[in-house]
Every structure is written in structure tokens, then in C-alpha cells.
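Colleague: What follows is a structure written as C-alpha cells; I'll ask about it next.
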Amino acid sequence: MHSQDTTASAHCCATNEPIASRALNYCATLRLPSHRRIDLPSTRFHVEATPPITENAQPYPQVTDPTHWPRWSKYKLQSICSLTYTYRHSPTDTIIQLVVPSCAGETVHLNVHRGVLCKSSGFLQNAIKPEWTAREENVITLPEDSANTVIDYIKWLYYDKIAIKLYEAGDDKLEKKAEEAEKVFCLLAEAYIFGEKIIDTQYKNAVVKAILDAQRSSRWSMGPESVSIVYEGTPSGSPVRRIIADRFAYSAYDDSKDGYGWMQFIDGYPREALADALKLLLCLRKSDGRPEPGVESYLE
């Protein structure tokens with residue numbers, strides 16, 4: 001088994017069936033941190049496994065005898081054809097435990113490999129230093145962040161993919177479309193705020209792309225709740241604030257006749273968001289040659 005860091009292009013060219021079978025049985029059960037490559041005589045595999053992010057999960061075992069393939073049945077092996085996977089750390093990498101609150105008021109312990117945790121977050125890179133963590137426990141406490149938000153971040157660290165499922169509008173009614181789209185936007189807003197707090201630009205960029213994808217897939221815009229989350233947790237000039245202002249300036253219109261949309265929600269948006277949108281709109285507006293309204297137009 002390879003222990004050094006590597007990125008591998010996935011394919012399966014198994015020619016030694018007995019060894020291949022044993023390898024797959026073994027790989028299917030390991031608590032692999034991400035995606036592992038196993039090279040055996042005339043055999044190359046790429047498999048998918050679950051990262052050890054739960055409280056009781058432990059690093060995968062080290063195997064010194066390649067002929068010994070323990071058989072557990074905890075994980076289901078997926079197809080190994082046409083997969084591309086990456087891992088970024090050694091099998092002996094230290095496990096760091098993140099302690100976060102759950103929505104039920106309990107404490108959740110999440111296990112992450114040290115090398116993965118330090119992938120791109122400036123805050124977490126500093127947080128694992130001895131003077132910040134419990135020296136023997138390798139524990140980092142995040143008391144202000146929800147378990148779901150942190151778990152979504154950990155999944156991104158391992159898989160380079162935002163875990164939040166986007167909403168596809170289809171033929172849903174406007175009310176349903178607004179409700180379901182806003183659920184996704186709120187999750188993405190919280191993810192972006194978390195990236196802001198832990199100083200992870202790569203993650204924030206991934207979330208920005210997901211927000212734009214969410215707007216396209218839902219054919220809807222961020223509502224008052226998700227926009228409020230963004231404005232409460234980001235500084236002026238934030239990329240997500242610009243997305244919101246752009247959406248107002250380029251897409252908002254009088255949809256009163258539809259009964260559900262911009263005109264119904266406009267009063268619920270944060271004042272600062274509306275001010276940003278208005279400033280952009282003034283910059284974009286061009287005179288169409290019509291004269292300004294006369295005095296008579298204002299008289300009752």
C-alpha cells in the first residue's frame with residue numbers, strides 16, 4: 001500500500017483475480033480518509049470509503065503483510081470503474097478531534113486527519129499548534145458552529161465537493177420553489193460564513209460556485225433569511241454580498257402580478273443589502289431619453 005501523498009487517476013485493470021478479490025474485500029471495509037490507491041501485482045484499484053469523522057471512528061489499520069486481508073462488512077464498496085480520487089496524507093497521520101454543538105444541545109466529536117484539516121484554513125493551521133490544543137488529546141473546540149456546518153466542511157476537505165444538495169425547481173409552484181430554494185441558500189450562507197471565520201478562501205470560493213449553481217438550478221434568488229445570514233457574517237465588499245447586489249440589479253423586477261416574488265419579499269431584506277443593490281443599480285442605469293416626471297405627477 002502507498003503511504004506517501006499522491007493524486008491518482010482512477011482506473012481498474014485487475015488481471016490477478018484472487019488477489020483482486022481479496023484487495024476489494026479489504027478496501028471495502030477500511031475507514032479510509034478519502035480515496036486510496038492499492039497497487040498489487042498486475043492490479044490497480046481505486047475505491048471509495050467513508051472518512052473517519054464520527055466520534056468512535058479510528059484511523060484505518062496498518063497492514064504489514066499484503067497476503068492478510070481482514071474481512072469486515074461495515075462499508076459497501078461502490079463501482080471501481082471510471083473513478084478519480086485523491087488522498088493527501090500518510091496512513092499514520094494524527095487524528096484531530098473537533099468538538100462542536102449539535103442542534104439538540106449535545107456535544108459532537110468529529111475526527112479529522114491532521115493533514116486534511118490543515119488543507120487550506122489559516123485558522124485551523126494555527127489552531128493545531130501545541131499552544132492552542134490540548135497537548136495530548138489533539139482537540140479543537142468550536143463552540144459557536146453547528147455540527148452540520150462543520151461536517152459539510154469536513155466532507156469538502158476529503159472529497160473536494162460541496163456536500164449540500166441543490167434544489168431542482170422543475171414544475172413546482174412559486175411558493176414551493178421559494179421555500180425549497182431558500183433552505184439550500186441558508187445552508188450555503190452558513191457554509192460561507194464558516195469559511196469566513198476559519199479563513200479558508202478555497203472553501204469560500206467553492207461555496208460561491210455552489211450558490212451560483214443553486215440560483216440556476218432553482219431558478220430563484222436568495223431570500224431575506226439567507227441574505228440576512230450573509231450580511232450578519234461578512235464584511236463590506238464580500239463576494240457573496242456582490243452576488244446578492246448583482247441579482248437585485250440585473251434580475252429584480254415588478255412581479256406583483258405573479259403574486260409571489262421580489263415585490264412580496266423586498267421589505268424583508270436587510271437595509272444594507274438593499275442599499276448595496278441600489279448603489280449598483282444607479283451605476284448600471286442609463287438614461288432612456290424620457291423626461292423626468294413633472295410636478296403634476298406628484299400631486300394628489
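Colleague: Under the classification rounded if a/c is under 1.5, otherwise prolate if a/b is larger than b/c and oblate if not, where does segment 153-238 fall, given a ≥ b ≥ c as square roots of the Cα gyration tensor eigenvalues? Display every interim value, and only then the final one.
Modeller: Values: a/c = 2.49, a/b = 1.45, b/c = 1.72.
The shape class here is oblate.
Colleague: Which cross-chain or sequence-distant (5 or more) residues have an amide H under 5 Å from the amide H of H113, H modelled 1.01 Å from N in plane?
Modeller: Excluding prolines and chain starts, which carry no amide H, the hits are I96.
Colleague: Please sort 263-269, 144-150, 224-230 by packing, taking for each peptide the average over its residues of neighbouring beta carbons within 10 angstrom, highest first.
Modeller: Working: 263-269: 13.9, 144-150: 17.1, 224-230: 21.0.
Most protected by this proxy first, the peptides run 224-230, 144-150, 263-269.
Colleague: Oh, and also: So the label point goes 7 Å from the Cα of E106 along Cα→C-beta, right? Which residues of segment 140-174 then have their backbone N under 16 Å from it?
Modeller: From segment 140-174, the list is 147-148.
Colleague: Please compute the modelled spin-label separation between Y250 and E272, points set 7 Å along Cα→Cβ, answer in nm with one decimal.
Modeller: Those two pseudo-labels are separated by 2.4 nm.
Colleague: Right, something else. Shape call for segment 172-218 from the C-alpha gyration tensor, a ≥ b ≥ c root eigenvalues: rounded (a/c under 1.5), prolate (a/b greater than b/c) or oblate?
Modeller: On the way: a/c = 6.14, a/b = 2.28, b/c = 2.70.
Because a/c hits 1.5 or more and a/b fails to exceed b/c, segment 172-218 counts as oblate.
Colleague: Separate question: Would you mind ranking K155, K173 so that the residue whose beta carbon has the fewest other beta carbons within 10 Å leads the list? Before the final figure, lay out each step's value.
Modeller: On the way: K155 16, K173 9.
Taking fewest neighbouring Cβ atoms as first place, the list is K173, K155.
Colleague: Roughly how many whole Å is it from the C-alpha centroid of segment 138-152 to that of segment 195-251?
Modeller: Centre-to-centre distance over Cα atoms comes out at 21 Å.
Colleague: What pairs from K204/K286; K183/K257; K177/K286; K119/K197; K155/K183; K155/K177 go past 22 Å between their alpha carbons? Mind dumping the intermediate values first?
Modeller: On the way: K204/K286 33 Å; K183/K257 25 Å; K177/K286 33 Å; K119/K197 15 Å; K155/K183 19 Å; K155/K177 27 Å.
Flagged as over cut-off: K204/K286; K183/K257; K177/K286; K155/K177.
Colleague: Give the Cα extents of segment 174-284 along the principal axes, in whole Å, largest first.
Modeller: For segment 174-284, the Cα spread along each principal axis is 43, 32, 20 Å.
Colleague: While we're looking at this one, here's another question. Using 0.36 nm per residue of separation minus the Cα-Cα distance, give me the extension gain between I95 and D258 in nm, one decimal. Don't skip to the answer; put the middle values down first.
Modeller: Working: separation 163, 0.36 × 163 = 58.68 nm, distance 5.35 nm.
Using 0.36 nm per residue and subtracting the Cα-Cα distance, I get 53.3 nm.
Colleague: On to the next question. What does the extension gain come out to for K197 and A163, with contour length at 0.36 nm per residue minus their alpha carbon separation? Before the final figure, lay out the partial values.
Modeller: Working: separation 34, 0.36 × 34 = 12.24 nm, distance 1.90 nm.
Gain on stretching K197 to A163: 10.3 nm.
The numbers here are math on the coordinates, done by the rules we state, and not lab data. Every value quoted in this text rests on a predicted model; they were computed, and no experiment measured them. Every residue, glycine among them, receives a Cβ derived from its backbone with ideal geometry; neighbour counts consider all protein chains shown.
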